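*Asks:* This is the structure I have questions about; it appears just below.
Quick note: the coordinates plus some simple rules give every number you see, no bench work behind them. It should be emphasised that the depicted structure is a prediction, and the values quoted were computed from it without experimental measurement. Using ideal geometry, Cβ is built from the backbone for each residue, glycine included, and neighbour counts are taken over all protein chains shown.
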Amino acid sequence: MMEAALVPRHNVLLYARGRTWHRTQEISEQRNGCVRIAFVCRNLAPVTSWILEWGPHAKVLEPPVLVNEVVRELQGALGHTDDFGRNGSRGG
């Protein structure tokens, strides 16, 4: 099972509560105001992409392999920032 928690920002919470992301999903409110979305999936690749789309508004809780993949993708993106100049053009 993969679980994600969304950061408690008003517009994100309303959007998250109102959507069906997966037929097996369970949405629960947490004491800290976050929304927890849990569902069963076989392929984590589209889930990784989905989590990355949320940017700072999502936190992956489990499974560890998904947490590691999201971290790896973010670190890879940060590593590419050295390839570009301040104006966004390719450095050389």
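*Asks:* Return the pairs, sorted by first residue and then second, in which the second residue is assigned to a loop (DSSP other than H, G, I, E, B) and surrounded by fewer than 12 Cβ atoms within 10 Å (Cβ to Cβ), the first residue lies in the stretch 23-41 and is aromatic (F, W, Y), the beta carbons are less than 9 Å apart, and the residues are 6+ apart or on different chains.
*Replies:* Cβ pairs passing all conditions: F39/M1; F39/R23; F39/T24.
*Asks:* So, of the residues in the stretch 15-38 that are of a type outside the set (G, A, S) and surrounded by fewer than 12 Cβ atoms within 10 Å (Cβ to Cβ), which turns out to be farthest from I51 (Cα to Cα)?
*Replies:* If we take residues in the stretch 15-38 being of a type outside the set (G, A, S) and surrounded by fewer than 12 Cβ atoms within 10 Å (Cβ to Cβ), then R31 is farthest from I51 (Cα to Cα).
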